[in-house]
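Worksheet for the structure shown next.
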Amino acid sequence: MKIIIDTNVIIAAFASRGLCCAIFELCLDRCEIILSEEILREVLMNLNGKIKLPLPQCESIVSYLRENCFVSEIDELETSLCRDKNDVHILGLAQRSLAEYIITGDKDLLDLVKNKGAKIITPREFWTLLKTPFPET
């Protein structure tokens, strides 16, 4: 399953041992995580600026993400597709990568619910989805 994990979920995954961390670890094992250069830049900037991690540790996290996730180009889309024009790159990434899910805590993205095939859901919703057993055939 191809998934996009938005910056806010990645930051939470590395900032504490909670739901986002558990989701990230589970996705590393069971999914193909798709990221973009934009997401990696935001992760570096926010881990250092907001979370106050030392820059070498932030760079190490970004290197880890590069090694364990697929970094894709994005499709350029109209900025009017989302209330927050800064979120349009996530939609362009989903379109380019054919991701099935976008996992985010961003209300502007969550209000869209679906974007050309990619379902936009919260970390809690994704956790429930992954923990639900698939019916046997």
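The values are calculated or read from the model by the stated rules, or taken from the named source; none is laboratory data. What you see is a predicted model; the values in this text were computed from it and never measured. Counting neighbours? That spans all protein chains shown, and the Cβs are built from the backbone with ideal geometry, glycine included. Please note that ligands, DNA and RNA were not included when accessible areas were found on the heavy atoms of the full protein model with its side chains. Shrake-Rupley method; radii C 1.70, N 1.55, O 1.52, S 1.80 Å.
Tabulated values for the structure
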{"item": "Residue within segment 67-79 that is among the aliphatic types (A, V, I, L, M), at pLDDT 95 or above and either open to solvent by less than 90 Å² (accessible area, probe 1.4 Å) or under 24 Å from Trp127 (Cα atoms) (or both) present", "result": "yes"}
{"item": "Residue in segment 97-106 that is in a helix (DSSP H, G or I) and without any contact (Cβ under 8 Å) to a residue 40 or more places away in the chain present", "result": "no"}
{"item": "Test: residue in segment 10-30 that is in a loop (DSSP other than H, G, I, E, B) and surrounded by 15 or more Cβ atoms within 10 Å (Cβ to Cβ)", "result": "no"}
{"item": "Residues that are more than 14 Å from the chain's Cα centre (by Cα) and either modelled with pLDDT of 90 or more or open to solvent by less than 100 Å² (accessible area, probe 1.4 Å) (or both), drawn from segment 108-124", "result": "Asp108, Asp111, Leu112, Val113, Asn115, Gly117"}
{"item": "Residues located in segment 32-52, provided they are open to solvent by less than 60 Å² (accessible area, probe 1.4 Å) and in contact (Cβ under 8 Å) with a residue 24 or more places away in the chain", "result": "Ile33, Ile34, Leu35, Ser36, Ile39, Leu40, Glu42, Val43, Asn46, Leu47"}
